[in-house]
Amino acid sequence: MHAQYAIDDTSEIISPGVVIFRDIVRDNIQKMVAIAKDPARLRPHCKTHKMAEVARLEMEFGIHKGKAATFAEAEMLANAGVKDVVLAYNMVGPNIGRAATFRSRFPSVKFAVTADHEKPIAELGEAVSAAGLSIDVLLDIDCGQHRTGVEAGPRAAELYQILAKTPGLNAAGFHVYDGHQHQKDPADRAAAVNAEFAKVTALRDALVKDGFDVPKLVCGGTASFPIYAAKDDPTIELSPGTCVFQDFGYGNAFPDLTFTPAALLLTRVISRPTPDRVTCDLGYKAVASDPPAGQRLLFPDLPDAEAVLQNEEHLVLKTSRAGEFTPGDVLLAIPRHICPTSALHKQVFVVSDGKFVERWNVASRDRWITV
Ligand SMILES: Cc1ncc(COP(=O)(O)O)c(C=O)c1O
């Protein structure tokens, strides 16, 4: 195994298990800060790790803001000591009341949610006002992904003005996520991101001219945050997620980014059913199965391995080197998509300097903590 993934003693690491290489995580955070130029510009998305310990590592590097997609993630961040949390999700149903509950449960945490429609805007305003509170709301801008948000244009301006005038709500800026900008060539990616961002700044400038405050723009993910980081705009915050752990999906897709996979799966050989097959205890209950079957894992020590069958608790690899393996042998694999992979594990095994040092809880894999 590559020296950076060496583990002296794996006897206490149960398989299948996620192993976090803490020194690589630190290195990835350092790279994130170097790209951002100032840790105060970073608001990393915690959906990738969902762990208080990772949020605290980021704090050690001066990163004190966080982004979340669920209340459990937001609560994990607040419990970890993050004092400024954006829940980048549009509130509906019980989440309207939960937003007010979160504000009263964590009064010292600066907290914002997103919105893109007048109905939840009105409901949220009523709920927080009834609780004697107020809440920051970011207008969710659709930069071409067409997942949520409104295009930067007249309708967005109208909604922002409604937000600003709704009692209980503070119009706090825009949420600008562009997860569809996956051009491999960084110049093509930059051109596409910049074209969308020009519409965003035009909207912002028009609102400011009309007397509205647009104090922050929460922008980007792993692929695009370097492009926003290069802009001289003090209202920009950068919200990469995946790069703290990195995975081979992003490694292949964005060769310009130099993050290193830091969360690997440890698996053991349980059988060698035929001369060219090795079966491991790494089924799809332990690794994200949103990538197609056969493309979910990369075995750095077994590059010719072809995943020919995966069941809930079994992974069958076809390899010319099958004869080298005996049941009990350990293999490490890099997941194609780390964010849903970490959500499948209650705890992870942390390795530093080649030694298994501790376990961390994947606290916000749950949908509900207390809020
Ligand atoms: C709203 C939002 N912001 C930020 C991110 C982080 O993006 P990435 O994982 O590409 O770094 C995501 C990822 O899904 C997201 O949905």
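Read the figures in this text as sums done on the coordinates, not as results from a lab. Bear in mind the structure is a predicted one, so any value in this text is a computation, not a measurement. Every residue, glycine as well, gets a Cβ built from its backbone with ideal geometry; the counts of neighbours run over all protein chains shown.
For this structure, a couple of remarks:
- The value of relative contact order for the stretch 103-248, using C-alpha pairs under 8 Å at least six residues apart, is 20 percent.
- Taken along the Cα-to-beta-carbon direction at a fixed 7 Å, the label points for residue 92 and residue 212 span 2.3 nm.
- Placing +1 on the Cβ of every Lys and Arg and -1 on the Cβ of every Asp and Glu, with nothing else charged, gives the stretch 35-193 a dipole about its Cα centre of roughly 360 debye.
- Rounded to 5, the percent of DSSP beta bridges in the chain classed as antiparallel: 45
- Relative contact order for the chain, counting Cα pairs under 8 Å that sit 6 or more residues apart, in percent: 22
- Taking 285, 119 and counting other C-beta atoms within 10 Å, the order from fewest to most: 119, 285
- Each stretch of four or more DSSP H residues adds -39500 (n - 2.57); spread over every residue of the chain, this sum gives -9000 deg cm²/dmol at 222 nm.
- Taking a span of 30 Å or more along the helix axis (Cα atoms) and a mean Kyte-Doolittle hydropathy of at least 0.0 as the rule, the DSSP H helices of the chain that qualify are 186-209.
- Sparsely packed GluC sites (Glu not before Pro) within the stretch 232-312, loop by DSSP, other Cβ within 10 Å at most 14: 312
- Magnitude of the charge dipole, the chain, Cβ model with Lys/Arg +1 and Asp/Glu -1, debye to 20: 520
- For residue 356, residues with placed amide H under 5 Å, excluding near neighbours: 8, 9
- By other beta-carbon atoms within 10 Å, ranking 325, 61 with the fewest at the front produces 61, 325.
- Extension gain from residue 295 to residue 105, taking 0.36 nm per residue of separation minus the Cα-Cα distance: 64.1 nm
- Qualifying trypsin sites (Lys or Arg not before Pro) in the stretch 78-183, where qualification requires a DSSP coil assignment and no more than 15 other C-beta atoms within 10 Å, comprise 83, 147.
- Nitroxide proxy distance, nm - points 7 Å out along Cα→Cβ at residue 274 and residue 151: 5.3
- Global geometry of the stretch 22-245, whether rounded, prolate or oblate, following the gyration tensor of its Cα atoms and the 1.5 cut on a/c: oblate
- Fully extending the segment from residue 346 to residue 6, taken as 0.36 nm per residue of separation minus the present Cα-Cα distance, adds 120.1 nm.
- For the stretch 242-307, relative contact order (Cα pairs under 8 Å, six or more residues apart, normalised by length) works out to 19 percent.
- Residue among 229, 76, 95 farthest towards the positive dipole end of the stretch 22-245, charges placed on Cβ: 76
- Sorted by Cβ density within 10 Å, fewest first, the residues 334, 7: 7, 334
- Rounded, prolate or oblate (a/c below 1.5 giving rounded, otherwise prolate when a/b exceeds b/c) for the stretch 89-200 by Cα gyration tensor: prolate
- Amide H within-cut-off set for residue 347, under 5 Å, with H built and near neighbours excluded: 362
- The stretch 242-278 and the stretch 77-103: distance between their alpha carbon centers, rounded to Å: 33
- Protection proxy ranking of 73-81, 337-345, 8-16, 122-130 - average other beta-carbon atoms within 10 Å, highest first: 73-81, 337-345, 122-130, 8-16
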